[in-house]
Amino acid sequence: MNETIFRILAAIILFTGMGISSYFRRKADKETGEKIPRNVDGNVLMTVIKIGGLILWLSPMIYLLNPKWMAWSKLGLPDEIRWLGVGIGILCVAGIYWLFSSIGNGITPTSATRQEHTLVTRGPYRWIRHPLYTIGSSMFVAFGMMADNWFIAALGILTFILMAIRTPKEEANLVAKFGDEYREYMKRSGRFFPKLGGSI
């Protein structure tokens with residue numbers, strides 16, 4: 001019975017997050033009328049991201065269809081940890097809405113920026129320059145906790161690492177576009193987490 005409850009909650013959280021992301025991404029493409037090239041990050045990195053993304057999305061779907069198919073990566077977590085995953089997942093969904101509503105039409109699928117993109121420093125961007133990478137990866141880790149599955153959680157961590165590899169190029173593009181305005185923003189914000197003593 002517990003497994004069914006966790007599957008239902010995990011599905012609600014995952015599909016709500018996906019729905020928010022899809023809505024804002026389609027809205028940005030439609031309102032700007034701008035097609036962002038997919039090869040700006042380089043063919044090798046984009047291939048790794050595409051393959052990793054496919055595995056990332058397929059694994060939770062396989063679990064939701066039939067947990068037995070993912071039994072090989074079951075952890076045996078206590079229910080308390082799985083409920084903690086539910087709580088983190090709900091916070092991640094709220095964070096996804098917050099960040100997408102804050103960046104608006106500036107969202108892109110690659111490290112490139114839109115022609116009419118303005119520097120966003122409101123919402124979570126006030127403290128973190130790349131909250132999507134942090135919150136998105138955390139949601140998959142939370143899903144792994146709900147699903148009691150180390151493989152899905154590990155995919156969330158791997159996704160964060162891949163995005164971290166891409167981030168310097170993205171920030172170089174932003175410096176080229178916004179110049180000193182972005183350099184000043186970097187001084188007062190953290191890359192993936194709020195800035196405490198140093199930029200991380």
- [ ] Take residue 137 and decide whether it is open to solvent by less than 30 Å² (accessible area, probe 1.4 Å), assigned to a helix (DSSP H, G or I), polar (S, T, N, Q) and farther than 22 Å from residue 184 by Cβ.
- [x] yes
Open item on the list: If residue 70 satisfies all but one of (1) modelled with pLDDT under 90; (2) buried (at least 19 other Cβ atoms within 10 Å of the Cβ), what's the number of the condition it fails?
Closed with: (1)
- [ ] Return only the number of the condition from (1) modelled with pLDDT of 90 or more; (2) not in a helix (DSSP H, G or I) that residue 13 does not satisfy.
- [x] (2)
Open item on the list: Of the residues 58, 84, 99, 65, only one is at negative phi, open to solvent by 10 Å² or more (accessible area, probe 1.4 Å) and in contact (Cβ under 8 Å) with a residue 24 or more places away in the chain; which?
Closed with: 84
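Table: residues versus (1) farther than 24 Å from residue 166 by Cβ; (2) part of a helix (DSSP H, G or I); (3) within 15 Å of the chain's Cα centre (by Cα); (4) modelled with pLDDT of 90 or more.
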| position | (1), (2), (3), (4) |
| --- | --- |
| 58 | no, yes, no, no |
| 84 | yes, yes, no, yes |
| 94 | yes, yes, yes, yes |
| 98 | no, yes, yes, yes |
| 101 | no, yes, yes, yes |
| 113 | no, no, no, no |
| 120 | no, no, no, no |
| 125 | no, yes, yes, yes |
Open item on the list: Checking the conditions here, which among 40, 48, 44 is at pLDDT below 75, surrounded by 12 or more Cβ atoms within 10 Å (Cβ to Cβ), at negative phi and out of contact with any Ser or Thr (no Cβ under 9 Å at 6 or more places or on another chain)?
Closed with: 48
- [ ] Please find, within the range 165-185, the residue that is farthest from the chain's Cα centre (by Cα) out of those that are without any contact (Cβ under 8 Å) to a residue 12 or more places away in the chain and in a helix (DSSP H, G or I).
- [x] 180
Open item on the list: Exactly one condition in (1) in contact with a helix residue (DSSP H, G or I) (Cβ under 6 Å, 6 or more places away or on another chain); (2) open to solvent by 20 Å² or more (accessible area, probe 1.4 Å); (3) without any contact (Cβ under 8 Å) to a residue 60 or more places away in the chain; (4) closer than 22 Å to residue 91 by Cα is false for residue 150; which is it?
Closed with: (3)
Open item on the list: Show the residue pairs meeting these rules: Cβ distance below 7 Å; 6+ apart or different chains; first residue within the range 14-27 and on the phi > 0 side of the Ramachandran plot; second residue among the basic types (Lys, Arg) and surrounded by 15 or more Cβ atoms within 10 Å (Cβ to Cβ).
Closed with: none
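The values are calculated or read from the model by the stated rules, or taken from the named source; none is laboratory data. Worth saying up front: this structure is predicted, and the values here are computed from it rather than measured. Ideal geometry is used to build each Cβ from the backbone, glycine not excepted, and the neighbour counts take in all protein chains shown. For the accessible areas, the whole protein counts, side chains as well, though only heavy atoms, and no ligand, DNA or RNA atoms are used. Shrake-Rupley method; radii C 1.70, N 1.55, O 1.52, S 1.80 Å.
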